[in-house]
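Remarks on the structure that follows.
Read-outs: derived from the displayed coordinates by stated rules, not from any lab. Quick caveat, the model's predicted, so the values are computed rather than measured. No Cβ is skipped: glycine too gets one built from the backbone with ideal geometry, and neighbour counts run over all protein chains shown.
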2 protein chains.
Amino acid sequence: MKMLEDRIREEGRILPGPVLKVSSFLNHQIDPDLMMELGKEIAARFSADSVTKILTIESSGIAIALAAGAAMHVPVLFAKKHRSSNVSGDLYQTVVHSYTHGTDYTVVVEREYLSADDRVLLVDDFLANGKAIEGLLALIHQAGADAVGAGIAIEKGFQEGGKLLRENGLRVESLAVVEKMDDSGIAFRAD
Amino acid sequence: MKMLEDRIREEGRILPGPVLKVSSFLNHQIDPDLMMELGKEIAARFSADSVTKILTIESSGIAIALAAGAAMHVPVLFAKKHRSSNVSGDLYQTVVHSYTHGTDYTVVVEREYLSADDRVLLVDDFLANGKAIEGLLALIHQAGADAVGAGIAIEKGFQEGGKLLRENGLRVESLAVVEKMDDSGIAFRAD
């Protein structure tokens, strides 16, 4: 998606890791007009899939998930990263490893919001090693729901997450796929 | 706001605390159509205030802040609850006490996204004791920015946060103010 690639080129910064820092418009400060456009694009790509629910993971997935949900008019559910006293009742839960933070964390959703009747679209801001999406797929599996695919803002194409998920049969639609990023700049995968 | 009050009456559940559980449409599962309407209403109430930035706190403030930002076409900044390795550079930071979780946490925003030129609208899903909003006000103060007010989805009017903030001169606009909630039901403050 050219609008997103242009913005990444203009404002993205490459930090050691390598981390692509897009905090000026995507996941710390958010450009709401851009974000709503990303949501519309995800909605368009999955318009034929009878999606009944969007599932994401806090915190930085919430904005793009809401944008997609507003375009598709389906409920948005965000998995929480630890058991909060505001969450009661039965939960689906799984453990996700975060390479960014070097820790494991538990993600939970309340059972009443995910059922075997749901056709779930996964949405997140980034896809790198795919561990967050794998965790969400585990929650969907526990619920007996169907995963229709994943809509991602930025995929790091040089990490294995997107490849592994696609090999396992998940449809992954990434609005921008970074193939390479280094001192010479950022190269995107052609559509 | 009648649309929100109706939804709280229909789906809100009162848990010990008392906690008003609205996880079916506001802060775990989100009804995106309702959320965008809440954002429009906040935008309308602050339309004359030359807002340049919306500030909220992760995680459950992000959705309503994005909805307000989409209606106002101003950037949305969410304070993060701990220092993440994705956050680099200089930070504004303060400590907030969470009564819900019984712990203190640090909230941070990157300095480059908040400046003395900003006219900041605070947005959050809930206002109870006001500690989260006070924390955000501390960040705004550190930046030398102006706080034009706070737009809140649900205020617990029987807790002191809204009263204290208003006594300190902050304009607080809450879309639904719960005056009382118990076994007999939920009573809202009249507009």
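List of remarks:
- Computed [θ] at 222 nm, deg cm²/dmol, chain A (DSSP H ≥ 4; -39,500 (n - 2.57); rounded to nearest 500): -8500 deg cm²/dmol
- Acute angle (nearest 10 degrees) that the helix A:32-45 long axis makes with the longest principal axis of chain A, alpha-carbon atoms: 70
- The fewest-to-most ranking of A:Tyr92, A:Tyr105 by surrounding Cβ atoms within 10 Å reads A:Tyr105, A:Tyr92.
- Residue of B:Ile152, B:Ile14, B:Ile54 that the Gaussian network model of chain B assigns the largest fluctuation, springs spanning Cα pairs under 10 Å: B:Ile14
- Taking a sphere under 15 Å around the Cβ of A:Ala48 and counting the other residues whose Cβ falls inside, with K and R at +1 and D and E at -1, yields a net charge of -1.
- Reported to the nearest whole Å, the Cα centre-to-centre distance from segment A:1-48 to segment B:1-52 is 26.
- Applying the Karplus relation 6.51 cos²θ - 1.76 cosθ + 1.60 with θ = phi - 60° to segment B:120-135 yields 3J(HN,Hα) values of 9, 9, 7, 9, 8, 6, 10, 10, 10, 8, x, 5, 5, 5, 4, x Hz, where x marks Gly and Pro.
- Chain B - Debye-derived log10 I(q)/I(0), Cα point model, q = 0.08, 0.09, 0.10, 0.12 Å⁻¹: -0.24, -0.30, -0.38, -0.55
- Put simply, the C-alpha atoms of segment B:1-72 give a gyration tensor, and the ellipsoid matching it has half-axes of 24, 14, 11 Å, longest first.
- Across segment A:30-77, the volume of the C-alpha convex hull divided among the residues equals 56 Å³ per residue.
- Angle in degrees between helix A:62-72 and the longest Cα principal axis of chain A, rounded to the nearest 10: 80
- One decimal place: the segment A:Arg171-A:Ser98 gains 24.0 nm when fully extended, by the rule 0.36 nm per residue minus the C-alpha distance.
- DSSP finds beta bridges in the protein assembly as shown, and of those with both partners inside it, around 45 percent are antiparallel.
- Per residue, the convex hull spanned by the alpha carbons of segment A:90-191 comes to 97 Å³.
- Rounded Å value of the spacing that divides the Cα centres of segment A:102-155 and segment B:97-157: 30
- Solvent-free Debye calculation, one equal scatterer per alpha-carbon of the protein assembly as shown: log10 I(q)/I(0) at 0.10, 0.11 Å⁻¹ equals -0.61, -0.74.
- B:Arg171 label point (Cα plus 7 Å toward Cβ) to equivalent points in the other copies: 4.7 nm, shortest first.
- A:Met3/A:Lys180 FRET efficiency (R0 25 Å; Cβ-Cβ; nearest 0.05): 0.75
- Take each residue of peptide A:68-75, count the partner chain Cβ atoms within 10 Å of its Cβ, and average: the result is 4.
- Among A:Ala68, A:Ala44, A:Ala150: highest mean-square fluctuation, GNM of chain A, C-alpha pairs under 10 Å: A:Ala44
- Close Lys-Lys pairs in chain B, where close means Cα under 19 Å and separation is 8 or more or interchain: 14
- Total formal charge among the other residues, if their Cβ is under 10 angstrom from that of B:Leu20, Lys/Arg +1 and Asp/Glu -1: +3
- Segment A:138-149 - phi-based ³J(HN,Hα) in whole Hz, Karplus 6.51/-1.76/1.60, Gly and Pro as x: 5, 5, 4, 4, 4, 7, x, 7, 9, 9, 8, x
- Computed from Cα positions, the angle between helix B:2-11 and the longest principal axis of chain B comes to roughly 70 degrees.
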